[in-house]
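Structure, as structure tokens:
The values are calculated or read from the model by the stated rules, or taken from the named source; none is laboratory data. Everything numeric in this text was worked out from a predicted model, so none of it was measured. Cβ placement follows ideal geometry from the backbone for every residue including glycine, while neighbour counts extend to all protein chains displayed. Each accessible area value is taken on the protein alone, full model and side chains, heavy atoms only, with ligands, DNA and RNA left out. Shrake-Rupley method; radii C 1.70, N 1.55, O 1.52, S 1.80 Å.
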Amino acid sequence: KAGVTQTPRYLIKTRGQQVTLSCSPISGHRSVSWYQQTPGQGLQFLFEYFSETQRNKGNFPGRFSGRQFSNSRSEMNVSTLELGDSALYLCASSPGGRSYEQYFGPGTRLTVT
Amino acid sequence: SQKIEQNSEALNIQEGKTATLTCNYTNYSPAYLQWYRQDPGRGPVFLLLIRENEKEKRKERLKVTFDTTLKQSLFHITASQPADSATYLCALNRDDKIIFGKGTRLHILP
């Protein structure tokens, strides 16, 4: 089976802009979770989608949003970018949810200038 | 608040020896615990999952122990190789919530 794919791999944006990241889960996985990883904070949970519904949400501001499509593909959007949003954004899929083992994609490296 | 602690300092181990990494947690009663490996610039890779009623789990050269009394998990790599050099993350699960530790960098010296 193909692994989790994320696009784009690298992105440079300016403060105030918005960005959309895409994730395709492993075939058959219905849960997609998004994480932000920074050197200081480590891996932090953003939100999880299951069958097109947001099932869980982490402690991030409303500028961070996401959605899941009927084919389980997911997108996350960050509006009004801030310098502190620079991070590696990881998508993970799971057969049943976050309580199962997570299969991560390679990530999108976002740099905000 | 819930807290997971992994050695923030890098661990240097001579090739061929056993590497042991520690994951301690407080204010949490995980149903199970997972270990992941992460290489620079890549996403974490799932290695092992151990449930709260299991004391030990093995997979090839890897062994994980889970002590719910001590609130600690140990992750062992036997006969370590330079290719085992990476950051290792532990993660705790309960009630569909997952929390990751910040990871320990492991260097296997040839």
Modelled FRET efficiency - R0 45 Å, residue B:70 with residue A:113, Cβ distances, 0.05 increments: 0.45
Beta bridge orientation in the protein assembly as shown: antiparallel %, DSSP, nearest 5: 90 percent
Principal semi-axes in Å for the protein assembly as shown [√(5λ), Cα gyration tensor, largest first]: 30, 20, 16
Cα-centred dipole magnitude for the stretch B:2-110, charges only on beta-carbon of K, R (+1) and D, E (-1), debye, nearest 20: 80 debye
All lysines inside 30 Å of residue A:57 as judged from Cα atoms, apart from same-chain residues fewer than 8 positions distant: A:1, A:13, B:3, B:71, B:97, B:102
Over the stretch B:30-110, relative contact order from alpha-carbon pairs under 8 Å, at least 6 apart, %: 30 percent
Additional length obtainable on full extension of the chain from residue B:95 to residue B:57, 0.36 nm per residue less Cα span: 11.5 nm
For residues of A:34-46, the mean tally of beta carbons on other chains within 10 Å: 3
Number of partner chain Cβ atoms within 10 Å, mean per residue of B:97-107: 4
Relative contact order of chain A, pairs being alpha-carbon contacts under 8 Å that are 6 or more residues apart, as %: 37 percent
Proximal lysines to residue B:63, defined as alpha-carbon separation beneath 16 angstrom and excluding residues fewer than eight positions away on the same chain: B:17, B:55
Rg [Å, one decimal], Dmax [Å, integer] - chain A, C-alpha atoms: 13.0, 38
Sequence of B:39, B:95 from largest to smallest accessible area, 1.4 Å probe: B:95, B:39
